[in-house]
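**Q** Have a look at the structure that comes next, please.
Values quoted throughout were computed directly from the atomic coordinates according to the rules given, and no laboratory measurement underlies them. Everything numeric here is computed off the predicted structure, so don't read it as measured data. Cβ atoms come from the backbone with ideal geometry, glycine included; neighbour counts cover every protein chain shown.
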């Protein structure tokens, strides 16, 4: 069997299981199992596999079978790219999504408007992808990140260490353990209505932490808490940025305005869907 034939076999198994991104997933699993770059694959794809390839070939097919069971690709490879950086991912944290890069980009723009290094707080940090990316891309910023889950914080701390990002981590239920005031507060909180979690795709419903998904009966529980408490932790004209579900812009905008935030705006993601709502608080 050649490398190309092995990859094709993996694709077939995933296709039969109804996996959508068949070719992409089969390739990433092959790359992980064989420690193989795309260039190396193209050079070797017609070579016959030998005895020395037996162990990783077996590992590859096992990964494919597990992916066919709807285990997320990132839980099998252990990593996910975000903002150009590679983050460790485990079942204890939400898998970083490209949509969330909009939250980071808007926070960076807010930081650029300041005449001093920004003090930034990231709530519900999970894997730490937002906080770590902000520190790496705004090097002078002071970044604090909080999460209620100690297991999630362990992953976030590992990512910060691997990427050499100086972030302060705090185990905290939103603001409960947070001290000080900040120029920018960002959060990608749980926002799926409880009744809708059972309707999510299996990779999310069965394998990502419910703690990072469940936003209460209407999906707005965490927005209400964050928006109510954020003014006490914001400097004058501080900015609050919140990732939202694509149908939540109107509700979150209303919550911000009712709590005294001004200049409230909604930013869309690359698919044209509402993704980040932000507002400024003038004390």
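**Q** Could you work out how far helix 3-16 tilts from the main Cα principal axis of the chain, as a 0 to 90 degree angle to the nearest 10?
**A** 60 degrees
**Q** If you take the alpha carbon radius of gyration of the range 1-151 and divide it by 2.2 N^0.38 Å, what ratio comes out, to two decimals?
**A** So the Cα radius of gyration is 1.32 times the expected 2.2 N^0.38 Å.
**Q** Among 171, 265, 142, which one shows the highest mean-square fluctuation when the chain is modelled as a Gaussian network with alpha-carbon springs under 10 Å?
**A** The residue that fluctuates most here is 265.
**Q** May I ask for the Rg/Rh ratio of the range 3-69, computed from Cα atoms with Rh as the Kirkwood radius, given to two decimals?
**A** Rounded to two decimals, Rg/Rh equals 0.95.
**Q** So, in nm, how far is label residue 224 from label residue 4 when the simple model puts each one 7 Å beyond its Cα toward the Cβ?
**A** Between residue 224 and residue 4, the simple spin-label model gives 6.0 nm.
**Q** On a C-alpha basis, how far is the centre of the range 9-46 from the centre of the range 207-283 in Å? Whole number, if you could?
**A** What the calculation gives is 39 Å, centre to centre.
**Q** More than 25 angstrom separation, counting every C-alpha pair in the chain; what % is that? Don't skip to the end; give the middle numbers.
**A** Details: 20278 of 39903 pairs.
Of all Cα-Cα distances in the chain, 51 percent exceed 25 Å.
**Q** Helix 150-162 against the longest principal axis of the chain: what's the angle in degrees, Cα atoms only, rounded to the nearest 10?
**A** The answer is roughly 70 degrees.
**Q** Using 1/(1 + (r/R0)^6) with R0 = 25 angstrom and r between the beta carbons of residue 232 and residue 268, what's the FRET efficiency to the nearest 0.05? List each step's numbers first, then the result.
**A** Working: r = 30 Å, r/R0 = 1.20.
Plugging the Cβ-Cβ distance into 1/(1 + (r/R0)^6) gives 0.25.
**Q** Roughly speaking, what is the stretch gain from residue 179 to residue 46, that is 0.36 nm per residue apart minus the C-alpha to C-alpha distance, in nm to one decimal?
**A** Extra length from residue 179 to residue 46 when fully extended: 41.9 nm.
**Q** Right, something else. What fraction of the Cα pairs in the range 96-227, stated in percent, has a spacing above 19 angstrom? Before the final figure, lay out the partial values.
**A** Working: 4333 of 8646 pairs.
Summing the P(r) tail past 19 Å for the range 96-227 gives 50 percent.
**Q** Hey, in the GNM for the chain with a 10 angstrom Cα cutoff, which one of 192, 184, 19 fluctuates hardest?
**A** 19
**Q** Helix 22-34 versus the longest principal axis of the chain: what angle, 0 to 90°, nearest 10, using Cα atoms?
**A** Relative to the chain, helix 22-34 is tipped by roughly 80 degrees.
**Q** I'd like the distance separating the alpha-carbon centroids of the range 51-91 and the range 140-179, in whole Å.
**A** 26 Å
**Q** Running a GNM on the chain with Cα contacts under 10 Å, which residue among 135, 112, 157 ends up with the highest mean-square fluctuation?
**A** Residue with maximal mean-square fluctuation among 135, 112, 157: 112.
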